[in-house]
Amino acid sequence: MSEHPFAPYVRILGKGKTGSRSLDFDEARTAFGMVLRGEVEDLQLGAFLMLLRVKEETPEELAGFVQACRDYLGEPPAVSCDLDWSSYAGKRHQHPWYLLSALLLAHNGVRVFMHGTDGHTPGRSYSEACLRELGVPPADSIARATSQLDERGFCFLPLAHLCPPLHEIVQLKPVLGLRSPVNTLTRMLNPLRAPYSIQSVFHPNYARLHTGADRLLGQAASLVFKGEAGEVEIKPHARTECHLLRAGETTTLSWPRSLQTKPEPVSTPGADALLACWRDSSDDKYGVLAVQHTAAAALLLLEHAGDPQQALQLAGRWWQERDRAWLG
């Protein structure tokens, strides 16, 4: 029996302590292209993903995987998009306030493309279902997503419609028992090639991995930080280390804390609290701060402000001047 064409890539990663090594960019791009086209056996895919997980991915590997995804998707449509916003973690203990942050930006002329997935971790509230309840239905194709960008300045495209093979791999978490590198690379897809990208990580060490891969991919600007529950959401009760990539150079800034105490967890994270907050029918101090600080972090990335304080002032003004009837 002749060797399977994908076997060399498994061997590179799994040839023992002295014989194994990381993939370079071209190897990663080729290998993951085979994965997306269904040219690997299930056994090979599981071994490949878990070897990467144990070794931990390099920026070159992640960049190669993302480029393979972009190759698979083809050239993006010619549509104006300012900010790529990834949403893959879901919320467990707090409401998804980040959705109001993204919508607040869109309400003020920033064109936001959000993509994500749901269902891979039980007990979490995901963007797709919450947006439906807010009266912002997700798109079912790139074409529909771009139409929604023109209509409202915001769209959400589920990974299942953006790249079905990736969606299927993300759903393997309950089978493998672990997150795989795919859970990381999806955050950097930026399928419309927006000049600005905002991403969250579960673990602080991954931030440098993200910015390193973004640099290799030629991303003009990105902001990466450890957000609440892994979503792009500033935690008002914590000082947040933010990694800003701009024109190939990375700087680190400390986002200020605005609450001294950690909030109590909510029983059921969801959209009702968001709608009530937007309409001013509830007074949720934590929620308002989370919305404004997350929006402000994006505004700093977007160069609408020169420092966190200026960004917070602008986000606060936009929040006060919002149209309360715009949602729902």
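Points worth noting:
- Chymotrypsin sites (Phe, Trp or Tyr not before Pro) within region 3-100, DSSP loop, no more than 13 other Cβ atoms inside 10 Å: none
- Formal net charge of residues neighbouring E3 (Cβ-Cβ distance under 15 Å; K, R +1; D, E -1): 0
- Per-residue [θ]222 nm for the chain (sum of -39500 (n - 2.57) over DSSP H runs n ≥ 4, rounded to 500): -13000 deg cm²/dmol
- Rotationally averaged projected area of region 125-282 (alpha carbon convex hull; nm²): 11.1
- Tilt relative to the chain, helix 42-55 - C-alpha long axis, 0 to 90 degrees, to 10: 70
- 10 °C / 1.306 mPa s Stokes-Einstein diffusion coefficient of region 7-73, Kirkwood radius on C-alpha pairs, µm²/s: 134
- Per-bin percent of Cα-Cα distances, the chain [20 Å]: 33, 57, 10, 0
- Multiplying the residue separation of K55 and A78 by 0.36 nm and subtracting their alpha-carbon distance yields 4.5 nm.
- For H237 and E39, the difference between the fully extended length at 0.36 nm per residue and the C-alpha to C-alpha distance is 66.6 nm.
- Within region 159-210, the chymotrypsin sites (Phe, Trp or Tyr not before Pro) that combine a DSSP coil assignment with at most 16 other C-beta atoms in a 10 angstrom radius are F202.
- Of the cross-linked pairs K17/K235; K173/K285; K91/K173; K173/K226, those separated by over 28 Å at the C-alpha level are K17/K235; K173/K285.
- Sparsely packed loop sites in region 27-56 (the GluC sites (Glu not before Pro) outside DSSP H, G, I, E and B with at most 14 other Cβ atoms within 10 Å) comprise E39, E41, E56.
Read the figures in this text as sums done on the coordinates, not as results from a lab. What you see is a predicted model; the values in this text were computed from it and never measured. Positions of Cβ are backbone-derived with ideal geometry, glycine not excepted, and every protein chain shown enters the neighbour counts.
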